[in-house]
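Data block below; observations after.
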Amino acid sequence: MIDPVRLNFSLLSDKDNFSNLDFTENDGTDPLGVDIFLKQKALGYRKNNLSAIYTVRVDGELAAFFALSMFAIQVKELHDKEKIGDMNLVSYPAILLGQMGVDKRFRNQGIGYRICQFCLGLAQEVGKKVACRYVILETNEQKASYYKKLLFEQSTKKSQKIWMYRRVS
């Protein structure tokens, strides 16, 4: 596990160079489109204010990135215990962890966990000024068990990928 003191989170800059990093799976596939997103779409998302793209550095070296956007989760996609009485709401406010990638050299060292913790903390701060009840993400079956360990719940939404959410405390 990497000591969190060694990590630095900052917004993506035009000077950041990810060309030598590899966000594909060990077999070379990119089932969640993470590598493609970063190398072909991230700057456009940032410039058009569609996502805030963050970088994560370990001792100054680029190691990971993630994209955050405002979002909403449909009430019908939540488990019953999450629903608020009889308020007849259609959706709840959330932050979408839209893309997250950790370079192969830095995997299995706790960076993904620290990214999730950062997102939950940011959601708490945002929630003090603008309502934010959840952090949500989309993943695949192979990675869903990882997020379950981080207390994310699987949504009831039917999709090719798995939607997961965690309530902001």
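The values are calculated or read from the model by the stated rules, or taken from the named source; none is laboratory data. Quick caveat, the model's predicted, so the values are computed rather than measured. Every residue, glycine as well, gets a Cβ built from its backbone with ideal geometry; the counts of neighbours run over all protein chains shown. Remember, those area values only see protein heavy atoms, side chains included, never the ligands or the DNA or RNA. Shrake-Rupley method; radii C 1.70, N 1.55, O 1.52, S 1.80 Å.
Return yes or no: is ASP35 of a type outside the set (S, T, N, Q), open to solvent by 20 Å² or more (accessible area, probe 1.4 Å) and closer than 12 Å to GLN99 by Cα?
Working: of a type outside the set (S, T, N, Q): yes; open to solvent by 20 Å² or more (accessible area, probe 1.4 Å): yes; closer than 12 Å to GLN99 by Cα: yes.
Taking the combined requirement at face value, the residue satisfies it.
Quick one: which of ALA123, ALA131, ALA144 is in contact with a Pro (Cβ under 7 Å, 6 or more places away or on another chain) and of a type outside the set (Asp, Glu)?
Working: ALA123 fails: in contact with a Pro (Cβ under 7 Å, 6 or more places away or on another chain); ALA144 fails: in contact with a Pro (Cβ under 7 Å, 6 or more places away or on another chain).
Exactly one of ALA123, ALA131, ALA144 is in contact with a Pro (Cβ under 7 Å, 6 or more places away or on another chain) and of a type outside the set (Asp, Glu), namely ALA131.
Would you please name the residue that is most open to solvent (accessible area, probe 1.4 Å), looking only at residues in region 71-103 that are touching a Ser or Thr at 6+ places or on another chain (Cβ under 8 Å) and outside any strand (DSSP E or B)?
Residue satisfying both the conditions and the ranking: LYS76.
Could you run through region 59-70 and say how many residues are closer than 20 Å to ILE136 by Cβ and open to solvent by 80 Å² or more (accessible area, probe 1.4 Å)?
Qualifying residue count, region 59-70: 1.
Taking the condition of being outside any strand (DSSP E or B), in contact (Cβ under 8 Å) with a residue 12 or more places away in the chain and either over 22 Å from LYS158 (Cβ atoms) or open to solvent by less than 70 Å² (accessible area, probe 1.4 Å) (or both), how many residues in region 120-142 meet it?
11
Can you give me the number of residues within region 108-119 that are open to solvent by less than 60 Å² (accessible area, probe 1.4 Å) and either under 14 Å from PHE65 (Cα atoms) or part of a helix (DSSP H, G or I) (or both)? Step through it out loud before you land on a result.
Taking region 108-119 first, the residues open to solvent by less than 60 Å² (accessible area, probe 1.4 Å) are 109-112, 115-116, 119.
Okay, now just the ones that are also either under 14 Å from PHE65 (Cα atoms) or part of a helix (DSSP H, G or I) (or both), so 110-112, 115-116, 119.
Result for region 108-119: 6.
Just the residues that are assigned to a loop (DSSP other than H, G, I, E, B) and either in contact (Cβ under 8 Å) with a residue 40 or more places away in the chain or aliphatic (A, V, I, L, M) (or both), please, taken from region 25-42.
If we filter region 25-42 for residues that are assigned to a loop (DSSP other than H, G, I, E, B), which is where we start, we get 25-33.
Selection gives ASN26, PRO31, LEU32, GLY33.
List pairs: first residue in region 43-58 and closer than 24 Å to ARG105 by Cα and open to solvent by 40 Å² or more (accessible area, probe 1.4 Å), second residue assigned to a strand (DSSP E or B) and at pLDDT 95 or above anywhere in the structure, Cβ distance under 6 angstrom, at least six positions apart or on different chains.
Here the result reads ARG57/ASN8, each pair linking region 43-58 to a residue that is assigned to a strand (DSSP E or B) and at pLDDT 95 or above.
Return the total of residues in region 13-27 being out of contact with any helix residue (DSSP H, G or I) (no Cβ under 6 Å at 6 or more places or on another chain) and open to solvent by less than 100 Å² (accessible area, probe 1.4 Å). Write out each step before concluding.
Filtering region 13-27 down to residues out of contact with any helix residue (DSSP H, G or I) (no Cβ under 6 Å at 6 or more places or on another chain) leaves 13-17, 19-21, 25-27.
Imposing the further condition that a residue be open to solvent by less than 100 Å² (accessible area, probe 1.4 Å) reduces the set to 13, 16-17, 19, 21, 25.
Total meeting the criteria: 6.
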